[in-house]
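Everything on this sheet refers to the single structure shown next.
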Amino acid sequence: MHHRTRPHGLRVWLKNALATLVAGVLALGIVAAADGTAVAAEQEYRRGPAPTLNSLRAAQGPFSYARVTVPEQPGFGGGTIYYPTNAGGGTFGAVAMSPGLNADQGSLAWYGPKLATNGFVVFTINNLNTATDSPPARGRQLLAALDYLTGRSAVANRVDPARLAVAGHSLGGGGAINAAAERPGLQAAIPLTPYVFDRSWPEVRVPTFILGAENDNSAPVAQHAEPLYQGLVNAPERAYLELAGRGHLAPNFQNATIGQFTLAWLKRYVDNDTRYERFLCPPPAPSDVIAEYRDTCPGA
């Protein structure tokens, strides 16, 4: 009897020891992949105090920021990097932004302080040819800018290369969706009143937020932003916000609603900060500011 109970006791001990080991591994955020490699489990990268509607809509967040001017580089036309300076140690998520037709990075300048003071590195870029670069060309330039940002820039050590996003206005918005199609490892894409050549994007597997404008005569939403949203059939999350009574150039000027949803999307998907989910789901009701909102409701 004594010899039969000892193996049972050993099995219990081994079982408990294994459970403790597994719990410890999971606590460290490590999961064994099928091929035996270790991959980091999804985790949150929280920066700053708990968000409120007022903090999302404010022109700037709780951190200070600095900027670096970048001359033309191989693959893109240079630009300006904005980065937080007193947001603690570690690395930050980053977003590269492309302007539209005949515009330079100055047309997107307001996003720099807005996002950097909320804990992101922001790179507003110039395109090589402001008038003739197509959305695919602008997409390649956005990716070249991200590669510069993480590899050769003055703030490379501040950027987490695993938490990158793209955004852009008009043709630059078309560039953002092209970049997302080319690089599925991106964490977010934000086309702002986008001008797109293609309407169907089954290859995009990046959470994508699209901004349209009700009175957009340059890229009418029925021909560009709305079909783009419908065509993102494989995006893990997607949303479409249509500004009421606004036109194509609305994203070029500081706007509390645009800032609110751009920041919430980046926080939720680049930083995986679930505190921001409630500002995206349930979706906002139509109002005098928002003509329409469609989404897959993050987290649902």
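The values are calculated or read from the model by the stated rules, or taken from the named source; none is laboratory data. Not measured: the values here are computed from a predicted model. Cβ placement follows ideal geometry from the backbone for every residue including glycine, while neighbour counts extend to all protein chains displayed.
Things to note:
- Test: Pro283 is more than 16 Å from the chain's Cα centre (by Cα) and in the same structural domain as Gly100 (by TED's automatic domain parsing): yes
- Filter result (at negative phi, at pLDDT 95 or above and not in a helix (DSSP H, G or I)) within segment 246-285: Arg246, Gly247, His248, Leu249, Phe253, Gln254, Asn255, Val270, Asp271, Asp273, Leu280
- Of everything in segment 153-209 that is among the hydrophobic types (A, V, I, L, M, F, W, C) and over 15 Å from the mean Cα position of the chain (by Cα), the residue that is surrounded by the most Cβ atoms within 10 Å (Cβ to Cβ) is Leu171.
- Extreme residue, nearest to the chain's Cα centre (by Cα), among residues of segment 124-147 that are among the hydroxyl-bearing types (Ser, Thr, Tyr) and farther than 14 Å from Val166 by Cα: Ser134
- Filter result for Gly174 (of a type in the set (Gly, Ala, Ser), free of Cβ contacts under 8 Å to residues at least 24 places away in the same chain and not in a loop (DSSP other than H, G, I, E, B)): no
- Residue that is farthest from Leu56 (Cα to Cα) [pool: residues in segment 277-294 that are in contact with a helix residue (DSSP H, G or I) (Cβ under 7 Å, 6 or more places away or on another chain) and charged (D, E, K, R)]: Arg294
- Any hit, segment 105-116, residues being in contact (Cβ under 8 Å) with a residue 24 or more places away in the chain, in contact with an Asp or Glu (Cβ under 7 Å, 6 or more places away or on another chain) and not hydroxyl-bearing (Ser, Thr, Tyr): no
- Residue within segment 102-123 that is of a type in the set (A, V, I, L, M, F, W, C), closer than 20 Å to Leu143 by Cβ, at pLDDT 95 or above and over 20 Å from the mean Cα position of the chain (by Cα) present: yes
- Inside segment 125-162, residues that are in a strand (DSSP E or B) and in contact with a helix residue (DSSP H, G or I) (Cβ under 9 Å, 6 or more places away or on another chain) make up a count of 4.
- Total residues in segment 210-230, condition in a loop (DSSP other than H, G, I, E, B) and under 21 Å from the mean Cα position of the chain (by Cα): 1
- Qualifying residue in segment 178-185 (condition: assigned by TED's automatic domain parsing to the domain that holds Gly112 and either of a type in the set (Asp, Glu) or under 14 Å from Val122 (Cβ atoms) (or both)): yes
- When Ala96 is tested against the conditions (1) surrounded by fewer than 20 Cβ atoms within 10 Å (Cβ to Cβ); (2) in contact (Cβ under 8 Å) with a residue 40 or more places away in the chain, the lone failure is (1).
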